[in-house]
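Trainee: My structure is below; once you've seen it, I'll send some questions.
Each value in this text was obtained by applying a stated rule to the coordinates, not by laboratory testing. Computed from a prediction, not measured in an experiment: that's the story for all the values here. Please note: Cβ atoms are built from the backbone with ideal geometry, for glycine as well, and neighbour counts cover all protein chains shown.
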Amino acid sequence: MKKTILLSLLFLASINCAKTKNIESYKYIDFELPKLSSNETIKLSSFVGKNLILLNFWTTWCPYCLREIPELKQLQKKYENKGLKIIAVNISEKETEVSKFVKKQQINYTILLDSKGKVARQYSVRGIPTNFLINLKGEIIFTGHYLPDEILIEKNLIRENKK
């Protein structure tokens, strides 16, 4: 009986952890990281106020990250001209590995390298993939281990474009 109750509680806790969190809103943390295959560095704050930002933390060895790539590519293609900026932050991998992977997957969005995992720690990333949606005000309006609903993206793009 005790074992059944314990398993039930663990199951409910795992469901709750997997749910999308709709955060009441808190501010993004600015950072500057090198862009993959470039001498350029990208500062997150250069996009805040101009774009709705989908910030994705990932690695090449993560099977769930791999499953997200086709959807991220679709979102990039569909919404890039409507104000969505996808920034994928690779955590602690060598640039050569990431570069080969990105080329093979034909990734069409911005890839940044967090070689020491510092930015991932600042964002309290505890599992991958982890996604954050940041509005024009710099507020994080979504965080989760999967992508935000496209409805949330569209709603915020419409809201941002009306301003």
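Trainee: Given 0.36 nm per residue, what is the gain on full extension from Tyr64 to Asn108 after removing their alpha carbon distance, in nm?
Mentor: This chain segment gains 14.0 nm when fully extended.
Trainee: Using a Förster distance of 35 angstrom, determine the FRET efficiency expected from the C-beta separation of Ser92 and Lys137, and round it to 0.05.
Mentor: It comes to 0.70.
Trainee: Roughly what percent of Cα-Cα pairs across the stretch 22-162 reach past 17 Å?
Mentor: 56 percent
Trainee: Place a label point 7 angstrom from the Cα of Ile151 along the Cα-to-Cβ direction, then list the residues of the stretch 61-79 whose backbone nitrogen is under 19 Å away.
Mentor: Within reach of a label on Ile151, which here means backbone N under 19 Å from a point 7 Å along Cα→Cβ, the stretch 61-79 contributes 75.
Trainee: Using a cut-off of under 17 Å, list every residue of the stretch 90-106 whose amide N is near the label point 7 Å from the Cα of Lys116 along the Cα-to-beta-carbon line.
Mentor: 90-95
Trainee: To the nearest 0.05, how large is the calculated FRET efficiency for Tyr26 and Lys78 if R₀ is 30 Å and r is the Cβ-Cβ distance?
Mentor: With R0 = 30 Å, the Cβ-Cβ based efficiency is 0.65.
Trainee: Another question, then. Report, in listed order, any pair from Lys43/Lys73; Lys78/Lys155; Lys78/Lys103; Lys50/Lys82 with a Cα-Cα distance greater than 18 Å.
Mentor: Result: Lys43/Lys73; Lys78/Lys103 exceed 18 Å.
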